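Here, each number is a calculation from the coordinates, and none is a lab measurement. Just so it is clear, the model here is predicted, and its values are computed rather than measured. Cβ: placed from backbone, ideal geometry, glycine included. Neighbour counts: every protein chain shown.
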Amino acid sequence: MRVILIWFCLVTSAVAQEYNISNAWQFVGPYDKPDSPSKISASGVGPIEFIRVYQKNPKFLLAGSISGGLFFSEDGGENWMNSGSDAWDYSGCGWADFYPENEKIWFAFSNHADNNGKPGKAGVWGGIMRSMNSGTTWERVASGGSLFNNEDVAIYGFRFLPGKPEVLFVLSDAGLFYTENCLSESVVWKKVSAFDGMIYDMDFINDKAFVSVFQHGKWNLMQFDFTKMTAQPNQAIADLADDKRTITIEPRGEKLLVLIDYSKLNDELWEMNPETGEATKLLSSVTVNFGSGHTFAVNPHNEDEFIIGNATTLKRWNYSNLREKKLGSGYHVDVEFVAFDPVDSNKIYMACHGGVYISPDQGKTWVNKSSGLGVAEVMGMAVSETDPNEIVIGTFHDGSSVLADFDKNGNYTWRTVDGGDALTPLIDPTNAAIVYTSTQFTGGGMYYSNDTAKNFINVHANNQINTSGWELSAVLHPENSSILYFNFARKEEPSKGCYDIVRTSDASLTKSAEIISDFGTTHQLGSYKVYGLFNTPFFPDHLYAYILHFDKDEEGKSITRHRLFKTEIARDSAQQILESWYELEIPISSWMGDIEGDPTNPDQIYISYVGARDVRSNAEWTTSLIYSVKYNKRTKALKRSMDISRNLPYGISGRFNLEFISSDKKELFFATRSGVYYGNEKTLKGKADWIQVGYGLPHCKMYGLHYHEETKTLTVGMLGRGVWRYYF
């Protein structure tokens, strides 16, 4: 830490003459569920994966976001605070729990990234974290490499041995691990040799332990004897269909309820008798869409009642007659976790893609209790040039939200303007009222508004073209901001399903879009998607198209080639543009995050890559995060490619994360998971190190970077922690 502080002081003094880079970053929000003028079911503050209730005093709660980290509440969920996970190398949290005998001792799993909405891998610098003082300080007590000998391991939960809580079990896709003293200064871990596969769930009935395990290509439920380290499979569960996706378990008295999530078949609930090993089917009409089986709980105050997540809702069932008892609605439609309060028989907790909801009346009504969570997963961000306090974000799970002075009284508030999974937003740089948002779902696409997102026009539908779904990308022309470029999915053969580019000079008009690319014809690409569109204010008619080309390698195996194309006449006729695209050779065929044009050289660009190699784990793996690339002025062939990553820390970047300061300075901001960095002309030539800007940013992927020159403010969007701003 002393070395870091000395280095920070030295590099700060080097640029302090012009920029103050020693300030703290400020959180902009959203802090809580944004307001909405209409009822939008898929909206919220951000996704919460789980809630853990301290069993001895339920006013203490933990809530975790796979991308955004761990939060805690000391007042039963009325207010939330970050647990200190912002400072972890990987701020995302896949699981956490209280030590059963002390509400101040916490264990948590820091994961490198999410895995399609589920807890991700430990990575190099993730693993099991422990705090002995309510998150004031943390220590890593097990890394993926040290515990599992595998950095790619995922952890699904912790379990404390009843009656002996210092024994802690770790459920992972590499097996079942445990320590005999989780409070020890130096924790020693062991692997349970009785299992050889993925351990997904574990629970206890009296002195018996039960484990759901996937090994040797099959799922099973096994009874585990901790004293003998042996396991006995349940044949009745094993004999069921082989396409099980997960098995989760909940004790009910002396028996065990077993929820089976099938890949293709209808999901089922079974009851297993540990004494006889017999299993009985209770329900065959369950649909586990979210929560991976964790929207499942037995009421501790009434064992005749249990809750299961079904499709996009929760259902409560009566055990004695297996009839459904209706629950209230009004929560985010994607539910991930449910838990009963151990003391208050009326209270139920829910974690969903919109935050935390709590029911005070046995599920009849639900109240959003997300104040302070701030875990919005930003997928794209735009900041107004005329009013830098106005911000638009597209978020994973929670739609598009706008921070604006809607009532023109100087009060800026967040408002969700459309729901679902949102992507690229834009704001007209000359008029803050003109806002573009987007959604990935069928029937969605690009939306245009001229009243700060109060009313919308669907640009794709207006032009009778198909949306580009998750790959939607759009940019405005830097000089003529009424010109919108965006991608679409082709309907016609032979390029049906391929994504190309259209242009409209007025997004409010019907059938105004002109097709300006056809890479299947001009470059003989068989299957492809325009994945990203980029341009530069320095050479406004230069437009870059990042393409995913789905091809075959020499052995006939399917591969994705990453390719970059350019046109220099983005305002010419549609046909001229279509025929003008040429390909640029790039340093690496890998996922690109952003393209930024050089302020003075039209044939030089800077490319950021989404994933690089970890600086600290291997001295040879320090490259591939950002490149300076120069092309021949006449032939457009690659002239020089230089890796300028230099001293940048561990390698995860994001998207839309490069920004030049001005047109007359070769000074660049670059946002990565480890922070935002400043580079001057020497840095861009590979002759000087990057300098970190400020302190206090969470370590999440960056999905948006904007510098407002007049106010000297730098704004970033984070996948998991909303919007942050730096004031120079």
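A few comments on the model shown:
- Of the GluC sites (Glu not before Pro) in the stretch 292-360, the ones in a loop by DSSP (not H, G, I, E or B) with at most 15 other beta carbons within 10 Å are Glu303.
- Kirkwood-Stokes translational diffusion coefficient of the stretch 42-168, alpha-carbon pairs, 25 °C, 0.890 mPa s, µm²/s: 169
- Within the stretch 471-584, all pairs of alpha-carbon atoms sorted by distance into 10 Å bins from zero give the percentages 14, 48, 29, 8, 2.
- Reciprocal of mean inverse Cα separation for the stretch 99-205 (Kirkwood radius, Å): 14.0
- Cα pair distances of the chain binned at 10 Å [whole percent]: 3, 14, 23, 25, 19, 12, 4, 0, 0
- Test item: Cα-centred dipole of the chain, Lys/Arg +1 and Asp/Glu -1 on Cβ, debye: 660
- For the residue pairs Lys529/Lys566; Lys59/Lys104; Lys369/Lys408, the C-alpha atoms sit more than 23 angstrom apart in Lys369/Lys408.
- Measuring nothing but how far apart in sequence close Cα pairs (under 8 Å, 6+ apart) lie, relative to its length, the stretch 471-584 scores a relative contact order of 20 percent.
- The lysines within cross-link reach of Lys228, meaning a Cα-to-Cα straight distance under 19 Å and a gap of 8 or more places when in the same chain, are Lys164, Lys190, Lys191, Lys208.
- Cβ-based charge dipole, the chain, positive-most Cα from Thr439, Asn411, Ile260: Thr439
- Near the amide H of Thr230, within less than 5 Å, lie the amide hydrogens of Asp225, all on another chain or at least 5 residues away, with H placed in the peptide plane.
- Calculated translational diffusion coefficient of the stretch 376-465 (20 °C, 1.002 mPa s; Stokes-Einstein with Kirkwood radius over alpha-carbon pairs) equals 167 µm²/s.
- Taking every C-alpha pair closer than 8 Å and separated by at least 6 residues, the mean separation divided by the residue count of the chain gives a relative contact order of 10 percent.
- Sites listed here are GluC sites (Glu not before Pro) in the stretch 509-579 whose DSSP assignment is loop and whose Cβ has at most 10 other Cβ atoms within 10 Å: Glu554, Glu555.
- With Cα atoms, 0 to 90° folded angle of helix 2-15 axis to the chain main axis: 20
- Computed lengthening from Lys639 to Glu78, 0.36 nm per intervening residue step minus Cα-Cα distance: 196.1 nm
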